[in-house]
Every structure is written in C-alpha cells, then in structure tokens.
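K.L.:
Below is a structure I'd like to ask you about.
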Amino acid sequence: DLSHKVILYLEDITVSFDGFKALNKLSLTIDAGELRCIIGPNGAGKTTMMDVITGKTRPDSGRVFFGQTLDLTQMTEPEIANAGIGRKFQTPTIFDRLSVFENLELAMKADKRVRSTLRARIDSEQQDRIAETLDLIRLGDQAHRLAGLLSHGQKQWLEIGMLLMQEPKLLLLDEPVAGMTDDETERTAELFLSLAGRHSLVVVEHDMAFIRQLGGKVTVLHEGSVLAEGSLDMLQNDPRVIEVYLGR
Ligand code: ADP
C-alpha cells in the first residue's frame, strides 16, 4: 500500500546536553506524502528533533531512517540534504538584492544534480520549472521584483520556493507562519496542502488555527518524547495534553 509507505522513521532517539535529556527515546513515523504538525511546550525537544533529522545534532542513541533503508545517523549534514531533505528555518535566507526569479534560479543552480555553472544560461525547461514554482508560491506576478521588497509572508514563500527547486522528498518547516498576517497564514496552509502528497512535510507550529486548517495528524512532544498523537480535535480534549499546556 503506497499511501502507507514510510518516509521517515525515528527509532528511540536520545539526545543529552550535560546529562539533560532534550530527547528521551523519541520514536516517530512519518508516511510518504504526509503533512504532519509537531506541537509541544517550549523545551519539549522540537528543535532538537529537527536538528537530529538534518544531521546537525548527533543522537547519543537511536537511529533515523529515511525512505525505509537509508540510515541518516550515519550521514553528514550535506549528505542528508542531498538525499532529499530540505529545512526551512524561521529567518529566511533569501538574497534581498536579487529578483524573486533570480533567487529561484540561484537555488536551482546550487542543486548538485543540475550540471550548470552560476553563469550558464538556463534552458527553457528550467525556465518553465521556475515559472511553475512561482505560481505555486503565489509570486507569479512578482518575478522581477527585488526579493528585499517583498512582504514578510512573501519572503517566507520565496524561501520555500527555493527549497522546492532542489526537489526535496521531505520538507522540515520551523514555525512557518510566525509573524504572518491571517491572510498570509491561510494562503500558506493552502500551499502546504498542495505540496503534500508529492512531498512529505513536517511542520513545527504553535498557531492552532493554522494547524486546524492543515487538518492532518498532530504529534505532541513533551519532555523529549511523544505524549500523544492524533487529530487536533482529539488532542484538545486529551487530559494529558491539556495538563502539559495549562499546567496543574
Ligand atoms: P523546543 O524546540 O521544543 O522548544 P528544544 O529542542 O529547543 O525544545 O530544547 C529542548 C531542551 O534541550 C530545552 O530544555 C533546551 O534548553 C535544551 N537544549 C537544546 N539545545 C541545547 C544545547 N545546545 N545545549 C544545552 N541544552 C540545550
């Protein structure tokens, strides 16, 4: 059953900082094409989990498998990125003095699989790919605008577009709608829903309205492991989840 093919499997991951367990035997499975939200109070281990997946942090124990067989815990950060995992941090790393189009062009040329130098002209197929991505990220009418002049939300979309130019199988997004207007947040949810299926997405978020709009399965992290998992409605009525968020 292809719809239940696992794209990412974290097995018993433990990460300690000076004896403190930021992740404590964390296990998690993401299906191919899934759109998963990760929530949890500050210090729950969300960032550490993303760092382990991308190879930025090495776990003390446990393993991370990507697409059934690839053991990410044996790989370097660039190897993991090249295997098809893209990560978006909160602060966008776009080039303000280049146009929107040029930013996407640069991201495409930076892809190791594209045999091209930065100076080489892109062919019509590559131009089409950029045009498609521009439409997807809702910047079709902003192609020749300087990236630095975009709104906060548009800059976030551009960075997602830059990630997409590398055709990642899995996208990791850290609080993607932080600082966005309600309208931008809604459009971002639509974008993510259109990416799911073709890509798998793991989204760390606090914005419950946004998570509700995404509608997928939600994982609650607490003290470095999974506290609960399910639909947002189910979790919001789960006494363990309420206790973690509201305290005793
Ligand atoms: P979250 O992203 O859910 O807020 P983090 O993964 O950032 O949680 O942090 C989990 C715990 O690990 C926190 O208590 C944090 O203080 C601790 N921690 C994270 N990174 C480090 C580090 N590099 N050194 C020491 N402690 C850390």
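Please treat every number below as a calculation from the coordinates, not as lab data. Model, not experiment: these values are computed from the prediction. Heads up, the Cβs are rebuilt from the backbone with ideal geometry, glycines too, and the neighbour counts pull from every protein chain shown.
K.L.:
Sequence-distant or interchain residues sharing an amide H contact under 5 Å with LEU98, placed H: which?
P.N.:
Sorted by chain and number, the residues that satisfy this are ALA147, GLY148.
K.L.:
Next up: Let's test the formula: R0 of 25 Å, r as the Cβ-Cβ distance of THR181 and THR91. What FRET efficiency results, to the nearest 0.05?
P.N.:
0.90
K.L.:
Looking at this model, which pairs from LYS21/LYS155; LYS56/LYS109; LYS25/LYS155 are more than 31 angstrom apart at the alpha-carbon?
P.N.:
Those over the limit are LYS21/LYS155; LYS25/LYS155.
K.L.:
Considering every pair of different Cα atoms, what Kirkwood radius, in Å, is found for the range 51-190?
P.N.:
16.2
K.L.:
Now for a separate question. In percent, how large is the relative contact order of the range 130-248, given Cα pairs closer than 8 Å and 6 or more residues apart?
P.N.:
Answer for the range 130-248 is 18 percent.
K.L.:
Label the range 118-161 by shape, choosing from rounded, prolate and oblate, from the square roots a ≥ b ≥ c of the eigenvalues of the Cα gyration tensor; if a/c is under 1.5 it is rounded, and otherwise prolate applies when a/b is larger than b/c, oblate when it is not.
P.N.:
prolate
K.L.:
What number, in percent, do you get for the relative contact order of the chain if the mean sequence gap of Cα pairs under 8 Å and at least 6 apart is divided by its residue count?
P.N.:
Computed value for the chain: 27 percent relative contact order.
K.L.:
Can you give the Rg and Dmax of the range 11-78 based on its C-alpha atoms, in angstrom?
P.N.:
Reported Rg and Dmax, both Å: 11.9, 37.
K.L.:
Which value results for Rg/Rh of the range 1-128 when Rg is the Cα radius of gyration and Rh the Kirkwood radius based on the inverse mean 1/r?
P.N.:
Rounded to two decimals, Rg/Rh equals 1.04.
K.L.:
Based on the Cα coordinates of the chain, what is the per residue volume of their convex hull in Å³?
P.N.:
Spread over its residues, the Cα hull of the chain gives 140 Å³ apiece.
K.L.:
Report, in whole Å, the centroid distance computed from the Cα atoms of the range 1-52 and the range 213-239.
P.N.:
The two parts, judged by their Cα centres, are 13 Å apart.
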